[in-house]
1. If you go through the stretch 23-32 one residue at a time, do you hit one that is polar (S, T, N, Q) and over 12 Å from the mean Cα position of the chain (by Cα)?
2. Filter the stretch 13-57 down to the residues that are not hydroxyl-bearing (Ser, Thr, Tyr) and not in a helix (DSSP H, G or I), then identify the one that is surrounded by the fewest Cβ atoms within 10 Å (Cβ to Cβ).
3. When the stretch 9-45 is examined, which residues are found to be within 15 Å of Ile56 (Cα to Cα) and among the aromatic types (Phe, Trp, Tyr)?
4. Here is a check on your reading of the model: is Arg6 outside any helix (DSSP H, G or I), at pLDDT 90 or above and surrounded by 14 or more Cβ atoms within 10 Å (Cβ to Cβ)?
5. Filter the stretch 52-67 for residues that are β-branched (Val, Ile, Thr) and within 20 Å of Arg23 (Cα to Cα) and give the result.
6. Just to be sure I understand the filter: pairs with C-beta atoms under 8 Å, separated by 6 or more residues or on different chains, first member in the stretch 32-50 and of a type outside the set (A, V, I, L, M, F, W, C), second member surrounded by 13 or more Cβ atoms within 10 Å (Cβ to Cβ). Which pairs pass?
Amino acid sequence: MGLPVRIDSDLYGQAKSHAHAERRTISGQIEFWAMIGKAALDNPDLPIDFVRDRMIAKGEGKSLATPFIAQSKH
């Protein structure tokens with residue numbers, strides 16, 4: 001169930017632009033940003049790009065995943 005929330009009009013405009021480009025609803029875009037921000041705060045030792053990419057990969061599911069192959073530096 002969604003709840004109405006007031007946000008700054010500039011943030012709304014940015015969310016609208018990104019939502020269109022990333023094929024999300026405006027609400028979905030703001031939720032995505034909030035999840036990324038929460039995950040980043042919960043894991044301050046990880047780079048934000050890693051957190052974002054991990055959240056995207058998690059949403060895609062295993063069907064689009066590629067296996068991780070470690071590259072040794074020996």
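1. If we filter the stretch 23-32 for residues that are polar (S, T, N, Q), which is where we start, we get 25, 27, 29.
When the remaining residues are screened for being over 12 Å from the mean Cα position of the chain (by Cα), the result is 25, 27.
Yes, some residue in the stretch 23-32 is polar (S, T, N, Q) and over 12 Å from the mean Cα position of the chain (by Cα).
2. First, pick out the residues of the stretch 13-57 that are not hydroxyl-bearing (Ser, Thr, Tyr): 13-16, 18-24, 26, 28-57.
The next check asks that each one be not in a helix (DSSP H, G or I); those that pass are 22-24, 43-47.
On the way: Glu22: 11, Arg23: 8, Arg24: 15, Asn43: 13, Pro44: 8, Asp45: 4, Leu46: 12, Pro47: 10.
So, considering only residues that are not hydroxyl-bearing (Ser, Thr, Tyr) and not in a helix (DSSP H, G or I), the one surrounded by the fewest Cβ atoms within 10 Å (Cβ to Cβ) is Asp45.
3. Once the filter is applied, which keeps residues that are within 15 Å of Ile56 (Cα to Cα) and among the aromatic types (Phe, Trp, Tyr), the stretch 9-45 yields Phe32, Trp33.
4. Details: outside any helix (DSSP H, G or I): yes; at pLDDT 90 or above: yes; surrounded by 14 or more Cβ atoms within 10 Å (Cβ to Cβ): no.
So Arg6 fails the test.
5. Of the residues in the stretch 52-67, the ones β-branched (Val, Ile, Thr) are 56, 66.
Across the stretch 52-67, the qualifying residue is only Ile56.
6. Asn43/Val51
The values are calculated or read from the model by the stated rules, or taken from the named source; none is laboratory data. Since the model is a prediction, treat every value here as computed from it, not as a measurement. Ideal geometry is used to build each Cβ from the backbone, glycine not excepted, and the neighbour counts take in all protein chains shown.
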